[in-house]
Amino acid sequence: MGETKKVEFEYSQIDSERMRLNVGPQHPSTHGVLRLEVELDGEIVTEVIPHIGYLHRCFEKHCEKMTYPQVIPYIDRMDYICAMNNEWPYVMGIEKLMGIEVPEKVEYIRVIFAELNRIANHQIAIATFGLDAGAFTPFLYLFRDREFILSIFEKASGGRLLYNYYWVGGLAADVHKEFKEDVLSIVKQVRETNKEIADLLLYNKIFIERVANVGILPADVAISYGCSGPVARGSGLAFDLRKDAPYSIYDRFDFDVVTGHGEVGTVGDCFDRNIVRFHEMEQSCRIIEQAIEQMPMDGDVREKLPKKIRPPKGEIYTKAENPKGELGFYIVSNGTDKPERIKSRGTSFVNLSVLPEISKGYLFADLIMILGSVDIVLGEVDR
Amino acid sequence: MGLLNKLDDPYYGGGIILGKVEDILNWGRSKSDWYLQFGLACCAIEFMAVNASHFDFMRFGCIPRTSPRQADFIIISGTVTFKMAERIKVLYEQMAEPKYVISMGSCSNCGGPYWEHGYHVLKGVDRIIPVDVYIPGCPPRPEALEEGMIRLQEKINKQAIFNKRKRLAEEEKQELIIDN
Amino acid sequence: MQAQEIYEKLKAEFGDAIIEFNAEPFFDPFVLVTTDKLFDICLYLRDTQGLEFDYLSCLGGMDYKENLGVVYHLYSIKLKHTFVIKVTVSKENPFVPTVERIWRTADWHEREAYDMMGIQFEGHHNLIRILCPYDWENFPLRKDYVQPDEYHGMKVPY
Amino acid sequence: MKKYINNIWLGIYTVLVGMKITIIHLFAKNVTVQYPNKHPLEKASGDKMPMNARNRIFVDMDLCNGCNGCARACPVNCITVQTLKVVPGDAPPLKNGEKRGLWVPSYTLDFAKCCFCGLCIDPCPTEAIKMTTEFEYSAYDRKDLFYKFSTMTDEEIQQKKELLANFQAEKAKKEAEAKKAADAAKAAEAPKPETGELKIDN
């Protein structure tokens, strides 16, 4: 332990054949329809070429044909695991362009739902990461908890996975009466399961041996590749838009930015990226508890909804801290009810581009772990 | 299902089942369908949820297989793009007969939200492979997928194995009568 | 640092290469620069003390009907300020110097801009399509794009 | 050597810790929804499908007044509404007592295209269109997912069309007559001075 796991043989001594291997697009560990063209020297990865676009659904073309509220369902389908977080930067941008002040209650509900969805996303990320490593039980436990979170979303918005809930100037519907108790019970449940997951998966010796010192991403490389979210924070970089460029009401809450510090191996390895996700769930729980305490229950969530959404001519780049990192929307408005252009900066798209850099020199089996630790969603990579 | 019901029937009592060989074969097929583990888009997340503790797809005798050679049916769960369509066709062709297809969600039914302006989206997976059951929803609830599975089992139970032509001709005749 | 100060600093350094500074309401303040000096400006923005834009948030191709453009959204992790650069090129001759060697994240972003808009990035080490298939024709995000009728024997329109 | 044995011990110990957790879970509450036997609308196992869940859309044609708001709000364009103007006197009010403005001979919704976003519910003035908790409607054929909601029969539509045509013809006739009368009155009132000027120009 402690020393890097990179395999450094004298290549010339071993008479091995270079081999090209095709992983995907139908492969259980590529988290969707990603195709990796891998060049192997024996069992050591020498080159990885990701081929993406197998889920290119023409999001930006659709935006030009839709009115502003009609774009929101398509944004849901970009990063379908955390749809609530996705909608937020978009509606925030249009609210900024139109100069709409959102009511207090709406802001609190938005924060609570965004953090709940962050927990749900990290649960999937850790569950599938465990699945890649061969651990099936954490998958069952984490998905059980996720269903409880989804039931809250369904009670509020009516949708289980894709919500169309954050509307410009407010929300699609009000929350139900027992909202506060429901959320608090979920927070309690999440904390209980987290304790178990730490023992069951994350601090399991076999699991640590598999992920520590694998896929090391130094901080300067992470910045140069534009990584954000847990991938950047795992490299020890305290880069969190909720703290750095506080949007909405995040400056009212007390929470820490979790960074990786090489607990069992080197800073920036697969274990660090995952432990950051794990501890972020606890921070989200803290934010939710504070928000529930401060949130007013009376008031209308739809009073500020504009009848016609027609932002003035202009352009804006809005970003928000998604579970996976910085999600940005570059909205260009031409004064009509349809946007001129919306360019989305997909978080996973940028995070995935670092994969060829960090997977060179490791064993082929480690490549799957590295890919799992980056936590991509192909809907957002291809858009 | 059909056979086991006969056990409760007083006429057939005594633990003896009388039935056609076809029924037994179909019963076996419909109760142990193995599916190809294969996710495309948003629906794949609900598909994962179906496999998890809350819905437990294995109650239906469905076990995930990672190889198309071992799979009985394939669930097209998500948007099929042109880049992916050729691969799906290959996967389908690699599956052993008899094989079935469930189209899950609007996108694979007919392109869904992307049917109008999606220049890179295949408008319905039935343009490349035959589909047995269409499940509407975007994404469908996990229970809706289970309901689709039950519909598929019903379809398999009615399937003709012997005297296919005769059976088909009879069915056509009946349909004609109904139509008229 | 405010956008106005950054603009003054750039103007003092590069002079005529900075065509326009826009700080109208409803716009993120941006500068329009010429393509031939783009690489130097980007390098200057990254390496100068007090600017240090080490993070390229977003790079997007644009279609302004008469001509094409590229928009760069910069962010500084250390100093926490943002800035926007734009360039425009003609549709017949869409050549823009690559900034791939300054921010490596620009690699995929530029490939996407090429794939969608057809902007050629000079000096890019591997400028091929990224989202669409490699044999796809035309550039889909241009305003005058027409859907093809068929792709590999599969019908495209509904 | 000590490290080696320690590693082995840690490996065994952490696996045993995991085993302990899974054994405790053996006695935990069951969460599986036994779907075909238990419907998710029943309170089966902790989570129940809420009544505002967004599933199959239902359109109450007795309430629909054909304003076309849902079709315009739909991002997918899966709703098509055809309308026919009503003839005054031949329009029973809607179920909620409001005045009927238009007949709706055809109202179709393609559930194969629908993305269940719920945007069509908001603009409806009479709450005719709503989302239900019904989700069991998978089909063997895609055409079965194409729903026609209109309750008007072909004869009714034909009848209404004829009525409207008659009414419009009559109206046009009346209007033409009225116009003629007005023109005549106008012509009688004052000779137009502009025509003279125009002639000079030409």
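Under the Karplus relation 6.51 cos²θ - 1.76 cosθ + 1.60, θ = phi - 60°, what is the ordered set of whole-Hz ³J(HN,Hα) values for the range D:147-164, x standing for Gly and Pro?
9, 10, 9, 5, 9, 6, 7, 4, 4, 4, 4, 4, 4, 5, 4, 4, 4, 5
Show the residues, 5+ positions off or on another chain, whose built amide H is closer than 5 Å to the amide H of A:Tyr362.
A:Val45
What's the magnitude of the charge dipole for the range B:85-180 around its Cα centre, counting Lys and Arg as +1 and Asp and Glu as -1 at the beta-carbon? Answer in Debye, nearest 20.
About 280 debye.
Among rounded, prolate and oblate, which fits the range D:57-155 when a ≥ b ≥ c are the square roots of the eigenvalues of its C-alpha gyration tensor, a/c under 1.5 means rounded, and a/b larger than b/c means prolate?
Prolate.
Which of B:Lys166, B:Lys31, B:Lys123 moves the most in a Gaussian network model of chain B with Cα springs under 10 Å?
So, out of B:Lys166, B:Lys31, B:Lys123, the one fluctuating most is B:Lys166.
What is the set of long-range amide H partners of A:Gly159 at a cut-off below 5 Å, with H atoms built 1.01 Å from backbone N?
D:Arg54
Any chance you could give the angle, 0 to 90 degrees and rounded to 10, that helix D:2-26 forms with the longest Cα principal axis of chain D?
Helix D:2-26 sits roughly 60 degrees off the main axis of chain D.
So what is the relative contact order of chain D, in percent, for Cα pairs below 8 Å that sit 6 or more residues apart?
20 percent
Measuring from centroid to centroid over Cα atoms, what is the spacing of the range D:119-194 and the range C:40-72 in Å?
54 Å
Apply the a/c threshold of 1.5 to the C-alpha gyration tensor of the protein assembly as shown and tell me whether it is rounded, prolate or oblate.
In terms of gyration-tensor shape, oblate.
Taking the simple approach of a point 7 Å from Cα along Cα-to-Cβ for both B:Ala96 and D:Ile23, what is their distance in nm?
4.0 nm
For chain A, what is the calculated [θ] at 222 nm in deg cm²/dmol (nearest 500), taking -39500 (n - 2.57) for each run of four or more DSSP H residues and dividing by its residue count? Spell out each step's value before the answer.
Working: 15 runs with 174 residues, N = 383.
That calculation yields -14000 deg cm²/dmol at 222 nm.
Residue by residue through the range A:166-181, which ³J(HN,Hα) values in whole Hz follow from phi under the Karplus form 6.51 cos²θ - 1.76 cosθ + 1.60 (θ = phi - 60°), with glycine and proline marked x?
Each residue of the range A:166-181 in turn: 7, 10, 5, x, x, 10, 5, 8, 7, 7, 7, 5, 8, 4, 4, 5 Hz.
Summarise the partner chain shielding of D:31-42 as one whole number: the mean count of Cβ atoms from other chains within 10 Å of each residue's Cβ. It would help to have the intermediate numbers written out before the result.
Details: counts 10, 7, 8, 3, 15, 7, 0, 1, 1, 4, 0, 0.
The shielding value for this peptide is 5.
Just to confirm the filter: which chymotrypsin sites (Phe, Trp or Tyr not before Pro) across the range A:99-137 are DSSP coil and have at most 12 other Cβ within 10 angstrom of their Cβ?
A:Phe136
Expressed as a rounded percentage, what relative contact order does chain B have, with Cα pairs under 8 Å and six or more residues apart?
On the way: 278 pairs, mean separation 36.4, N = 180.
Contact order relative to length: 20 percent.
What distance in nm lies between label points placed 7 Å from Cα along the C-beta direction at C:Asp135 and A:Ile206?
For C:Asp135 paired with A:Ile206, the spin-label model returns 4.7 nm.
Using Cα pairs closer than 8 Å and at least 6 residues apart in sequence, work out the relative contact order for the range A:71-354, in percent. Please report the intermediate quantities before stating the final value.
Details: 468 pairs, mean separation 69.3, N = 284.
24 percent.
Give the total of Lys-Lys pairs in the range D:1-120 with Cα-Cα distances below 28 Å; include a pair only if its members are 8 or more places apart or on different chains.
Final tally of qualifying lysine pairs is 10.
Around C:Pro157, what is the net charge, scoring Lys/Arg as +1 and Asp/Glu as -1 over all other residues with Cβ under 12 Å from its Cβ? Before the final figure, lay out each step's value.
Working: positive: B:Lys123, B:Arg127, C:Lys155; negative: B:Glu116, C:Asp149, C:Glu150.
Around C:Pro157, the charge tally is 0.
Taking the Cα centre of chain A as origin and charging only Cβ (+1 Lys, Arg; -1 Asp, Glu), how large is the dipole, in debye to the nearest 20?
Dipole magnitude for chain A comes out near 1380 debye.
Quick check on packing: order D:111-124, B:49-62 by the mean number of other C-beta atoms within 10 Å, highest mean leading.
In descending order of packing, they fall as D:111-124, B:49-62.
Rank-order B:32-38, B:89-95 by packing density, defined as the average count of other C-beta atoms within 10 Å over each peptide's residues, highest first.
Ranking the peptides B:32-38, B:89-95 by packing returns B:32-38, B:89-95.
Return the average number of partner chain Cβ atoms within 10 angstrom of each residue Cβ along peptide A:91-99.
1
If r is the Cβ-Cβ distance from A:Arg191 to A:Asp254 and R0 is 25 Å, what FRET efficiency results, to the nearest 0.05?
0.90
Please report how many Lys pairs in chain C have alpha carbons closer than 16 angstrom, counting only residues at least 8 apart along the chain or sitting on separate chains.
Close lysine pairs found across chain C: 8.
For the protein assembly as shown, give the share of DSSP beta bridges that are antiparallel, in percent and rounded to the nearest 5; count only bridges with both residues there. Numbers along the way, then the final one.
On the way: 70 of 90 bridges.
Percentage antiparallel, nearest 5: 80.
Residue-wise, which Karplus ³J(HN,Hα) couplings in Hz belong to the range C:62-77, taking 6.51 cos²θ - 1.76 cosθ + 1.60, θ = phi - 60°, and x for glycine or proline?
With the stated coefficients, the range C:62-77 comes to 10, 10, 9, 6, 7, 9, 9, x, 10, 10, 10, 9, 9, 9, 10, 5 Hz.
Sort the range A:275-338 into rounded, prolate or oblate with this rule: let a ≥ b ≥ c be the square roots of the eigenvalues of the Cα gyration tensor; rounded if a/c is under 1.5, and if a/c is not under 1.5, prolate when a/b is larger than b/c, oblate otherwise.
Oblate is the answer for the range A:275-338, as a/c is 1.5 or above yet b/c matches or exceeds a/b.
Does anyone have the angle between helix A:270-294 and the longest principal axis of chain A? Alpha-carbon axes, 0 to 90°, nearest 10?
20 degrees
Given a Förster distance of 22 angstrom, what is the FRET efficiency for B:Leu25 paired with B:Ala169, based on the Cβ-Cβ distance and rounded to 0.05?
So, using R0 = 22 Å, E works out to roughly 0.55.
Quick one: if you stick a label point 7 Å off each Cα along the C-beta vector at B:Gln70 and C:Ala12, how many nm between them?
Calculated label separation equals 7.0 nm.
Return the average number of partner chain Cβ atoms within 10 angstrom of each residue Cβ along peptide B:79-91.
Average neighbour count from other chains, rounded to a whole number: 6.
With springs connecting C-alpha atoms under 10 Å apart, model chain D as a Gaussian network and identify which of D:Gln82, D:Gln34, D:Gln159 has the largest mean-square fluctuation.
Highest fluctuation among the options: D:Gln34.
Order these peptides, A:287-295, B:70-78, C:134-142, by their mean beta-carbon neighbour count within 10 angstrom, highest first.
Those peptides, ordered most packed to least, come out B:70-78, A:287-295, C:134-142.
Assuming R0 = 41 Å, can you tell me the calculated FRET efficiency for the pair D:Leu10 and D:Thr32, based on Cβ-Cβ distance, to the nearest 0.05?
About 0.75, to the nearest 0.05.
Starting from the range D:1-46, pick out the chymotrypsin sites (Phe, Trp or Tyr not before Pro) whose DSSP state is loop and whose Cβ has at most 15 other Cβ atoms within 10 Å.
Hits after loop and neighbour filter: D:Phe27.
When Lys and Arg each count +1 and Asp and Glu each count -1, what net charge do the other residues less than 13 Å away from A:Arg191, Cβ to Cβ, add up to?
Within the 13 Å Cβ shell, the charges total -2.
Run the dipole for the range C:52-127 about the Cα centre, Lys and Arg Cβ at +1, Asp and Glu Cβ at -1, nothing else charged, and hand back the magnitude in debye, nearest 20.
With Lys and Arg at +1 and Asp and Glu at -1, about 260 debye.
Under a GNM of chain A (C-alpha, springs under 10 Å), which listed residue has the highest mean-square fluctuation: A:Cys82, A:Cys58, A:Cys227?
A:Cys58
Readers should treat all values here as calculations from the given coordinates under stated rules, not as data from a laboratory. Bear in mind that the values here come from a model prediction, so they are computed numbers and not experimental data. Glycine gets a Cβ as well: all are built from the backbone with ideal geometry, and neighbour counts include every protein chain shown.
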